[in-house]
Amino acid sequence: MTDFLIKSTVAMGILLALYHLLFEREKMHRFNRFYLLGALVFSLALPFITVITYVQEVPQANTIIETSQLVMSPEVPYSTAKGTIYKPITNCIPYLAWSVYGVITFLLAIRFIKNVLSFFRKAKDNPTINIEGAKLVLLDEKILPHTFLNYIFINREEYETNSIENELYTHELTHVKQKHTLDILFIEALKTIFWFNPLLYFYKKAIQLNHEFLADEKVIDTTANTVYYQNLLLEKANVGTTFSMASNLTFSLTKKRFIMMTKTTSSIKAGLLKLAIAPVITVMMMLLCTETIAQEKISDIPADKIKTLNVNKKISQKQVDSLRKANPSVYKSKNPADYSQTKVSYTDKKGKIATKSFFENDTLAAKKDNLSSQIKNALSFVPVDKIKTMKISKDVTQQQLDSIKQSTPRVYKSNNPDDYGKMTVEYTDETGNSASRLFFIEQ
């Protein structure tokens with residue numbers, strides 16, 4: 001989840017910065033609309049994209065436990081010498097955080113639904129008039145024209161007295177015909193789920209401003225009287241209220257909108273600006289999506305720098321086909337079950353968190369004879385040939401350490417949590433169900 005949030009947020013930030021730097025001030029509004037929406041979709045999809053780079057030389061890696069130089073105590077598993085059961089202390093912070101997130105998201109979802117229903121309720125409770133594929137909803141309250149889906153909400157008295165200028169009808173009809181409300185509903189739905197991401201609020205403002213650029217452009221093309229339209233907007237400014245999920249006539253009535261009404265952008269310039277997206281996307285893919293299979297051995301990574309170690313038997317057929325294509329002489333089997341992937345997260349020489357992956361073309365069960373006697377003792381509690389994943393992490397808390405020292409004081413002598421790690425083994429038990437066991441390891 002953390003990886004998803006980091007990658008998606010970084011992508012959103014880069015693409016939004018690119019928009020403000022290159023595109024916002026140019027008259028290429030239709031492209032800008034789909035750029036902003038595409039940037040959001042791409043940013044959310046990016047964390048799920050992995051570009052794996054395989055090397056020609058394959059490391060002769062030993063098992064992940066041996067190369068990590070972590071020692072398993074024979075009394076570490078759940079069952080101690082006296083036969084008592086050790087139950088690890090539950091960390092309540094993640095549950096509390098998810099509970100807070102769930103409550104806030106639920107409340108925002110309720111508000112989102114209520115806001116949507118309020119527009120339909122207004123349309124149902126007030127008289128409507130069909131006009132050019134849209135429906136005018138006549139309200140008694142003093143409001144400026146605003147649009148939601150194919151409904152245009154206007155003041156009833158102004159409509160009956162013909163006080164609403166044709167330019168305003170054109171403006172709102174543009175919102176209806178170009179379906180701008182769908183964009184707003186999309187960004188509002190994202191804000192409901194990812195309410196903690198401030199970039200979404202900037203995206204919404206940019207999307208709504210772009211909608212106004214599009215509507216203004218249509219009015220200018222229809223009336224060919226820019227000055228009159230600008231004066232009309234100034235006259236209507238600060239009249240009535242605005243609605244967060246509707247297209248409002250005077251949204252962001254700033255200097256930007258007035259400048260854009262008279263601005264032109266050549267097709268050549270627009271084309272060159274669009275081409276600038278390609279290198280940015282390429283760089284982001286290289287930085288955020290590329291996973292390199294390292295040439296060096298796992299043992300080349302300093303054990304004290306390792307943060308997490310994962311051995312995963314869930315190898316896809318596509319990965320196996322890529323491995324066999326890159327190294328046909330080494331990866332001979334076509335069966336994904338004959339391979340395992342080791343992913344190592346560690347602190348590099350610059351102090352940054354790095355991740356490397358290593359593929360092994362033999363099973364954990366085949367390595368059983370090469371394991372140390374202490375590791376064999378630990379794995380005797382689980383069927384080795386049924387192991388699906390093995391994870392070693394150095395995130396032992398002081399509270400957990402105090403608990404295991406109390407149960408087996410002669411094994412755990414150090415009082416420093418950094419001297420310990422946790423190994424979680426996920427496997428298939430005798431009944432065919434997924435099971436897991438926790439072991440504490442001492443460096």
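Nothing in this text is a laboratory measurement; each read-out follows from the coordinates by a stated rule. Treat the numbers as computed from the prediction; the structure is a model and nothing was measured. As a convention, Cβ positions derive from the backbone with ideal geometry for all residues, glycine included, and neighbour counts pool all protein chains shown.
Among the GluC sites (Glu not before Pro) in the range 413-443, which ones are in a DSSP loop with at most 16 other Cβ atoms within 10 Å of the Cβ? Mind listing them?
Sites meeting the loop and neighbour criteria: Glu430.
I need the phi-derived Karplus couplings for the range 99-106: 6.51 cos²θ - 1.76 cosθ + 1.60, θ = phi - 60°, integer Hz, Gly and Pro marked x.
Result, rounded to whole Hz: 5, 4, 4, x, 5, 5, 5, 4.
Take the cross-link list Lys7/Lys391; Lys122/Lys179; Lys236/Lys274; Lys114/Lys204; Lys332/Lys386; Lys314/Lys352 and give me the ones stretching past 31 Å between alpha-carbons.
Cα-Cα > 31 Å for Lys236/Lys274; rest within.
For Phe186 and Gln406, compute 0.36 nm times the residue count separating them, minus their Cα-Cα distance, and round to one decimal in nm.
So the chain would gain 73.8 nm between Phe186 and Gln406.
I'd like the FRET efficiency for Asn231 and Thr264, computed as 1/(1 + (r/R0)^6) with the beta carbon distance as r and R0 of 30 Å, rounded to 0.05.
For R0 = 30 Å, the calculated efficiency reads 0.90.
Write out the chymotrypsin sites (Phe, Trp or Tyr not before Pro) in the range 308-356 meeting two conditions: DSSP loop, and at most 16 other Cβ atoms within 10 Å of their Cβ.
none
Apply the Karplus curve 6.51 cos²θ - 1.76 cosθ + 1.60, θ = phi - 60°, to the phi angles in the range 109-115 and return the couplings in whole Hz, x for Gly and Pro.
Ordered by residue, 3J(HN,Hα) equals 5, 4, 5, 4, 5, 4, 5 Hz.
What's the magnitude of the charge dipole for the range 154-283 around its Cα centre, counting Lys and Arg as +1 and Asp and Glu as -1 at the beta-carbon? Answer in Debye, nearest 20.
Computed charge dipole of the range 154-283: roughly 720 debye.
Would you mind getting me the FRET efficiency between Ile6 and Asn162? Use the beta-carbon distance for r and R0 = 56 Å, nearest 0.05.
Computed FRET efficiency for Ile6 and Asn162: 0.50.
Which one of His180, Phe194, Leu209 is farthest out on the positive end of the charge dipole of the range 159-234, using unit charges on Cβ (Lys, Arg +1; Asp, Glu -1) and the Cα centre as origin?
Phe194
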